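Report on one structure; see the data block that follows.
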Amino acid sequence: MTNQQPYAGDAYSSSPQQPDGLPQQYQPAPEFGQQPPPAPPAKSFKPLIVAVGGAVAALMLVTAAYAVYDGYIKEDSGVAACKALRDGKNADGSEDAGEDAKMTEAQYREAREVFEDSRHEKIREHGTALMDLAWQINQLPKGEELGALAYIGPMGTHMSGLQTACADQGVIVNLSKE
């Protein structure tokens, strides 16, 4: 018989080791009739899909609610301007400063924006045109006030158009000063 040396992991060696030299860990053998441990549950995307669907539904609901509020509940800015003009105020609701007061650029932009934001096409059309004409007349240099006569035609057209558009929304406006 030849003299063989036991090698690592050999049944005859004094310490059981794995072939790579690391000690072997004890693994209990399953007993008879015992089930192997269950496999980890598969990842499900169902909760994620439900969450995304809920978020989309909530966003659609908020958008619809805002559209109803903006379109039917909140007063239209153009109609509010018609009411302000009816009451003798400026289109933006501020008090009228009189005929001799110069309009600032900020006042012009604010008054024009009131009409621009209207949902009613005719109020938007005639109101913005009327504000543009008022701004142009306001910008005439001193001593050239007769140049305003060139604006009489368009001014009359847009004043009567705005009165009609306001009346269509139930607001009677008298833009001619008494």
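Some notes on this structure:
- Residues of region 109-135 satisfying the condition of being of a type in the set (D, E, K, R) and over 13 Å from Gln163 (Cα atoms): Arg109, Glu110, Arg112, Glu113, Glu116, Asp117, Arg119, Glu121, Asp132
- For region 124-144, the set of residues classified as over 22 Å from Ala84 (Cβ atoms) and of a type outside the set (A, V, I, L, M, F, W, C) consists of Gln139, Pro141, Lys142, Gly143, Glu144, listed by residue number.
- Counting residues in region 86-103 that are assigned to a helix (DSSP H, G or I), within 22 Å of Asn174 (Cα to Cα) and touching a residue at least 60 places away in the same chain (Cβ under 8 Å) gives one or more.
- Checked against the criterion of being within 22 Å of Cys166 (Cβ to Cβ), among the charged types (D, E, K, R) and in contact with a strand residue (DSSP E or B) (Cβ under 9 Å, 6 or more places away or on another chain), region 95-108 contains one or more residues that satisfy it.
- The lone exception for Tyr72 - which of (1) surrounded by fewer than 10 Cβ atoms within 10 Å (Cβ to Cβ); (2) at pLDDT 85 or above; (3) not charged (D, E, K, R) it fails: (2)
- Restricting attention to region 114-147, the residues that are in a helix (DSSP H, G or I) and either over 23 Å from the mean Cα position of the chain (by Cα) or without any contact (Cβ under 8 Å) to a residue 12 or more places away in the chain (or both) add up to 20.
- One residue from Glu110, Glu121 being within 15 Å of Gly78 (Cα to Cα), surrounded by 14 or more Cβ atoms within 10 Å (Cβ to Cβ), out of contact with any Phe, Trp or Tyr (no Cβ under 9 Å at 6 or more places or on another chain) and at pLDDT 90 or above: Glu110
- Of all residues in region 95-106 being more than 10 Å from Trp135 (Cα to Cα) and at pLDDT 75 or above, the one that is nearest to the chain's Cα centre (by Cα): Ala106
- Qualifying residue in region 149-168 (condition: more than 36 Å from the chain's Cα centre (by Cα) and charged (D, E, K, R)): no
- Subset of region 138-178 (residues that are crowded, with 16+ Cβ neighbours inside 10 Å, among the hydrophobic types (A, V, I, L, M, F, W, C) and out of contact with any Cys (no Cβ under 6 Å at 6 or more places or on another chain)): Met155, Met159, Leu162, Ala165
The values are calculated or read from the model by the stated rules, or taken from the named source; none is laboratory data. Just so we're clear, the structure is a prediction, and the values are computed from it rather than from any experiment. Here the Cβ is made from the backbone with ideal geometry for all residues, glycine too, and neighbour counts use every protein chain on show.
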